[in-house]
1. Go through the range 28-70 residue by residue and tally those that are out of contact with any strand residue (DSSP E or B) (no Cβ under 9 Å at 6 or more places or on another chain) and of a type in the set (A, V, I, L, M, F, W, C).
2. Can you tell me which residues in the range 56-76 are more than 23 Å from Lys125 (Cβ to Cβ), small (Gly, Ala, Ser) and within 16 Å of the chain's Cα centre (by Cα)?
3. Restricted to the range 31-47, and to residues that are touching an Asp or Glu at 6+ places or on another chain (Cβ under 7 Å), closer than 18 Å to Val138 by Cα and among the hydrophobic types (A, V, I, L, M, F, W, C), which residue is nearest to ligand 1 (Cβ to nearest atom)?
4. Could you list, in sequence order, the residues of the range 77-94 that are over 14 Å from the mean Cα position of the chain (by Cα) and crowded, with 19+ Cβ neighbours inside 10 Å?
5. Taking the range 56-85 as the region of interest, how many residues are near ligand 1 (Cβ under 8 Å from one of its atoms), touching a residue at least 40 places away in the same chain (Cβ under 8 Å) and not charged (D, E, K, R)?
6. Take Phe45 and tell me if it is more than 9 Å from ligand 2 (Cβ to nearest atom) and more than 22 Å from Lys189 (Cβ to Cβ).
7. Return the pairs, sorted by first residue and then second, in which the second residue is aromatic (Phe, Trp, Tyr) and more than 8 Å from ligand 2 (Cβ to nearest atom), the first residue lies in the range 34-54 and is under 14 Å from Ile182 (Cα atoms), the beta carbons are less than 7 Å apart, and the residues are 6+ apart or on different chains.
8. Residue check: is Tyr15 outside any loop (DSSP other than H, G, I, E, B), away from ligand 2 (no atom under 14 Å from the Cβ) and either basic (Lys, Arg) or modelled with pLDDT of 95 or more (or both)?
Amino acid sequence: MNSLSKKENEKDEYYYQEREPGDIIYKVIVIGDPAIGKTSLIRKFVKNQFEKDYLPTVGVSISKESIEMEIEGKKVIINLLLWDLAGQPQFYLLHKVYYNGANGVILGFDLTRTHTYSNLKNWHKELVKDGLIDLPMVLVGNKSDLKEERKVGMAHINHMQESLNIPDYVETSAMTGQNVGILFKTIAKRIYERNL
Ligand SMILES: Nc1nc2c(ncn2[C@@H]2O[C@H](COP(=O)(O)OP(=O)(O)OP(=O)(O)O)[C@@H](O)[C@H]2O)c(=O)[nH]1
Ligand SMILES: [Mg+2]
């Protein structure tokens with residue numbers, strides 16, 4: 001068996017293995033324009049690594065990470081299946097299929113590129129069209145380490161939050177790791193609360 005098929009096999013085993021009845025598993029889709037750092041945020045969270053080079057995601061890449069949290073005094077373990085969707089337009093036709101069965105959404109933009117912020121409206125429209133609008137959602141502004149190059153201020157972000165009705169906003173750096181854990185914990189907590 002070559003290494004690729006072994007890896008594929010392990011992935012299949014994960015999906016089909018027997019799970020404890022109490023296991024909590026949430027599918028979270030991570031979306032937003034190309035090169036805003038979706039893959040980098042997930043990589044930092046899952047592997048604590050950062051890659052400087054940009055390698056666009058092809059289609060979708062799925063990772064799993066468990067988090068232990070205390071919610072209302074109760075210790076809970078939540079397994080997140082993170083669906084890292086390609087931001088490049090040639091993959092847009094596949095979105096609807098990938099969105100299927102999602103429990104939550106992380107919608108992101110790049111604090112240093114204004115059009116990635118303006119485009120949030122289009123991503124949101126697509127979520128409305130595909131019926132995902134009622135899902136728990138967190139807005140993320142990434143690349144907070146690039147302070148000198150920052151183009152999107154808090155007033156604009158708050159305005160976008162209001163117009164898209166997304167109360168949760170987290171500002172992250174996949175490079176330094178700032179708020180990366182908080183981002184994924186926030187979406188996990190919101191989904192958990194929704195399902196109580
Ligand atoms: N300085 C800095 N660079 C970042 C940060 N996050 C990502 N990058 C860089 O931005 C580029 C794009 O990152 P990716 O994570 O591949 O972006 P993506 O959103 O997954 O892009 P697509 O897969 O094409 O949709 C890479 O060169 C990363 O190193 C960050 O927080 N700070
Ligand atoms: Mg990517």
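The values are calculated or read from the model by the stated rules, or taken from the named source; none is laboratory data. All of these numbers come straight from a predicted model, not from anything done at the bench. Cβ sites come from the backbone with ideal geometry, for glycine too, and all protein chains shown count toward neighbours.
1. 3
2. If the condition is that a residue be more than 23 Å from Lys125 (Cβ to Cβ), small (Gly, Ala, Ser) and within 16 Å of the chain's Cα centre (by Cα), then Ser61, Ser63, Ser66 are the ones that fit.
3. For the range 31-47, the residue satisfying everything is Ile36.
4. Ile78
5. Residues flagged as near ligand 1 (Cβ under 8 Å from one of its atoms), touching a residue at least 40 places away in the same chain (Cβ under 8 Å) and not charged (D, E, K, R) within the range 56-85 amount to 1.
6. In short, no.
7. Within 7 Å, the pairs are Lys44/Phe50; Phe45/Phe184.
8. No.
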